[in-house]
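This report refers to the structure that appears directly beneath it.
Bear in mind these aren't lab numbers, they're just calculated from the coordinates by the rules spelled out. Owing to the predicted nature of the structure, the values given are computational and were not obtained by experimental measurement. Virtual Cβ from ideal backbone geometry, glycine too; neighbours counted across all protein chains shown.
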Amino acid sequence: MLEILLSNDDGIDSPGLAALEQALGVLGRVWVVAPDGERSASSRSITLDRPLRVRQHAPRRFAVDGTPADCVLLACRSLLPQVPQLVVAGVNLGYNIGEDLDYSGTVGAAAEGAQQRARLAVAVSTVSSADQQLLLRAAGFAASLIGKLLEHLPPERTYLNINVPPDSNGQIRWTRQGNPLPRGTVIIGSDPRGKKYYWIAERPDEKEPPPETDRGALARGNISVSLLTLARDFPGRWQAPAL
Ligand code: MN
């Protein structure tokens, strides 16, 4: 029996997670270990300065008062009988592309799955939507792609980032991480007590994303799949000076 762990960063009650649960049920036995509330943009951070609390909602469903990476770590090392073969995070309500990958809790959860030595770890995202049909369709595309990848596993210490456009034509493209502009907008205002605040705004959109990038594929209605790696060493191309 294929053991499947699902998590996310939008919280255990997210309709994106429910859609994924429904779509992946056909592949094996599904466990859900997810944050008890919204934890978007928590990257792969883990909680070390306090104990974590777990609430069991059903035999294979747990809410954790921690980050997405906490959830995957606890699931693999404590809540599940063994490290699951498949870890899937999502469906995130909002694309995770380009520089989002460094901030995303969804991608962080998939990375932790790879680190815990799940044989396949995947992050799945689509646009922010409350449309259950749209989320189910995105989860369905992801599930059939995951089914194929289980028969052609990527190398160890890698994981995959899938983004599904709402108007998907079902066409899948291997992509590389795009490189949009850095987040540059900070909104400055004052709170009801007159105290100044700073609020980091959404990323700017790339005008003409190349077709081989994640955003480029999505702009053309294609499902984007990128292979990511836990290794941080930059391969080749730069001739390092003698030191
Ligand atoms: Mn999120």
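The strands (runs of 3 or more DSSP E) falling completely within the stretch 1-64 that include 3 or more residues that are within 16 Å of the ligand (Cβ to nearest atom) map to 29-35.
Filtering the stretch 213-229 down to residues that are of a type outside the set (A, V, I, L, M) and in a strand (DSSP E or B), which residue is surrounded by the most Cβ atoms within 10 Å (Cβ to Cβ)? Working first, answer last.
Filtering the stretch 213-229 for residues of a type outside the set (A, V, I, L, M) gives 213-216, 220-222, 224, 226, 229.
From the residues that got through so far, the ones that are in a strand (DSSP E or B) too are 213, 224, 226, 229.
Numbers: Thr213: 22, Ser224: 28, Ser226: 22, Thr229: 15.
If we take residues in the stretch 213-229 being of a type outside the set (A, V, I, L, M) and in a strand (DSSP E or B), then Ser224 is surrounded by the most Cβ atoms within 10 Å (Cβ to Cβ).
The residues on offer are Lys207, Lys148, and the sole one that is over 25 Å from Ile4 (Cα atoms) and outside any strand (DSSP E or B) is Lys207. Filter the stretch 157-211 down to the residues that are touching a residue at least 24 places away in the same chain (Cβ under 8 Å) and of a type in the set (D, E, K, R), then identify the one that is surrounded by the fewest Cβ atoms within 10 Å (Cβ to Cβ). Restricting to residues being touching a residue at least 24 places away in the same chain (Cβ under 8 Å) and of a type in the set (D, E, K, R), the top hit is Asp167.
Does Ala110 meet the test of being closer than 23 Å to Leu2 by Cα, out of contact with any Lys or Arg (no Cβ under 6 Å at 6 or more places or on another chain) and surrounded by fewer than 24 Cβ atoms within 10 Å (Cβ to Cβ)?
On the way: closer than 23 Å to Leu2 by Cα: yes; out of contact with any Lys or Arg (no Cβ under 6 Å at 6 or more places or on another chain): yes; surrounded by fewer than 24 Cβ atoms within 10 Å (Cβ to Cβ): no.
The answer is no for Ala110.
Annotation: of all residues in the stretch 101-129 being β-branched (Val, Ile, Thr) and in a helix (DSSP H, G or I), the one that is farthest from the ligand (Cβ to nearest atom) is Val107. Could you give me the residue pairs with C-beta distances under 6 Å whose first residue belongs to the stretch 1-29 and is free of Cβ contacts under 8 Å to residues at least 24 places away in the same chain, whose second residue is away from the ligand (no atom under 16 Å from the Cβ) wherever it lies, and which are 6+ apart or on separate chains? Partner pairs satisfying both residue conditions: Glu21/Val30.
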